[in-house]
Amino acid sequence: MTAVSPTANFDFNPMVSPHREDPNPYYQQLHQERPVCFSDTLGAWMVSRYDDLMTVLHDTDTYSSSNAIPSIWNNPPEVVAVFEEAGCVPEGATIVNTDEPKHLPLRKVLDYAFSGRRIRTLTPMMHSTLAELIGAFENDGHADLLSQYTDPYIQRIVSAAFGIESEDVDKVQSWTNDQVLLWNPLTPIDGKVEAARNLVEYEKYIADLIEDRRHNPRQDFITDMVHGGDDFPPVSYPDIQYIFRGLRVAGHDTTRDTLTSTLLNMLSNRELWDEALTNPRSIPKIIEETLRKDAPHRGLMRVTTRDTTLGGVELPSGAALLLLFGAGNRDAAKFECPEVMNPSRDNVLDHLAFGNGIHKCPGATLARTEVRVAIETITKRFPQLHLPEGYEPTYIASYFFRGLESLPVQW
């Protein structure tokens, strides 16, 4: 057992290279030398090994989720002043940030909202949206699958699930980007002040949606929260605001990045593309292996509720932890040859891309369905699709997510 000083750390900054482009060598170094270590940049202890991550995820008494994602109110005074002057609603609960007993009632809402019944109602829209997007570029001989296919597709589907009108998709996405920016502790303050002003408008937009659904219920997520269901009561106004905003982020970025990364893996490993063409039933395992190998979410936070020991490191009560799911998915002690894309591995479903335990992503089934349908569609329409010669992937600068900046293809 060792007490590691915060000054003895391997720092991590996912916004810049080399961690931005390829964090996996760094993850391997953490596994071997400092599986639990402090990052000055992030102000948190990073947890990288699979078994340690599972310990944290399942010991909810010792590791609270109250700090899983940052509060937008925990920003510099200039940012908070914008919210105060506008009379913004105080921080509400989200499923990601709640512990039991408050977690379970919120979980019931989300399980209902993203049930198989709801997914089946969205499936025809998935097919029609993909057909429309493909129709716009199919005669060009080339496309950027991120900007012309995966991003607009996921935006439209998740927006429909939430109850966002088609004409509002772009502005809601812009507000969603502002939400992510305000969560990011590495964002310059000027950008945060502007994002805060935009988020005031987002709050008003959601308030209007809530009021409309009180009188005009529909088959969408906002209606579920406003009216409740057989197993859960209506959700409070502050909680609706924060659940809506938080899950709108999660429902878009992670699913888009999973889809784009899966396509890249298939195009980089041609045997996977050919296998999907001849045997579409192989596609789900290809998706799962991509979720393991290229986790779209870097991880979530936890905070210790008492003094404890993790991975041989003594942690005091109140210590912030960053759970590096992407690192856990690359742990050679759990996944043999973790750098290899192998959809046939026996434990392909054991990845942590959707978390684990009580906070495992409630939208996982919807995300898997969106990705599967999009891959089935593109492989059938463009069997000869390929990457341009010399293409090298580049990745977005993001505190939370790992996703491609573009995915150019030709046919």
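The values are calculated or read from the model by the stated rules, or taken from the named source; none is laboratory data. Since this is a predicted model, take the numbers as computed values, not measurements. Here Cβ is always computed from backbone atoms with ideal geometry, including for glycine, and neighbour counts include all displayed protein chains.
Before moving on, here are some points about what is shown:
- Residue check, Asp231 in contact with a helix residue (DSSP H, G or I) (Cβ under 8 Å, 6 or more places away or on another chain) and over 18 Å from Glu203 (Cα atoms): yes
- Taken over the range 210-228, the criterion of being assigned to a helix (DSSP H, G or I) and surrounded by 16 or more Cβ atoms within 10 Å (Cβ to Cβ) is satisfied by Ile210, Arg213, Phe221, Ile222, Thr223, Asp224, Met225, Val226.
- A residue that is farther than 19 Å from Gly163 by Cβ and of a type in the set (Lys, Arg) occurs somewhere in the range 98-109.
- When the residues of the range 271-313 are filtered to those that are without any contact (Cβ under 8 Å) to a residue 12 or more places away in the chain and assigned to a helix (DSSP H, G or I), the one that is nearest to Met54 (Cα to Cα) is Arg281.
- For Gly318: the one exception among (1) closer than 23 Å to Leu30 by Cβ; (2) touching a residue at least 40 places away in the same chain (Cβ under 8 Å): (2)
- Qualifying residues in the range 370-404 (those that are in contact with an Asp or Glu (Cβ under 6 Å, 6 or more places away or on another chain) and among the aromatic types (Phe, Trp, Tyr)) - the one modelled with the highest pLDDT: Tyr395
- Residue within the range 133-152 that is in contact with a Leu (Cβ under 7 Å, 6 or more places away or on another chain), of a type in the set (Phe, Trp, Tyr), closer than 24 Å to Thr260 by Cα and in a helix (DSSP H, G or I) present: yes
- With respect to (1) over 19 Å from the mean Cα position of the chain (by Cα); (2) in a helix (DSSP H, G or I), the lone exception for Gln173 is condition (1).
- Residues of the range 245-284 classified as modelled with pLDDT of 95 or more and in contact with a Leu (Cβ under 9 Å, 6 or more places away or on another chain), total: 16
- Scanning the range 160-174 for residues that are under 19 Å from Phe401 (Cα atoms) and either in contact with a strand residue (DSSP E or B) (Cβ under 6 Å, 6 or more places away or on another chain) or touching a residue at least 40 places away in the same chain (Cβ under 8 Å) (or both) yields a total of 2.
- Single condition Val371 does not satisfy, out of (1) more than 29 Å from Leu104 (Cβ to Cβ); (2) out of contact with any Gly (no Cβ under 7 Å at 6 or more places or on another chain); (3) of a type in the set (Val, Ile, Thr): (1)
- Any hit, the range 229-248, residues being within 27 Å of Leu104 (Cα to Cα), among the small types (Gly, Ala, Ser), buried (at least 16 other Cβ atoms within 10 Å of the Cβ) and within 20 Å of the chain's Cα centre (by Cα): yes
- Filter result (more than 25 Å from Asn184 (Cβ to Cβ) and polar (S, T, N, Q)) within the range 40-57: Thr55
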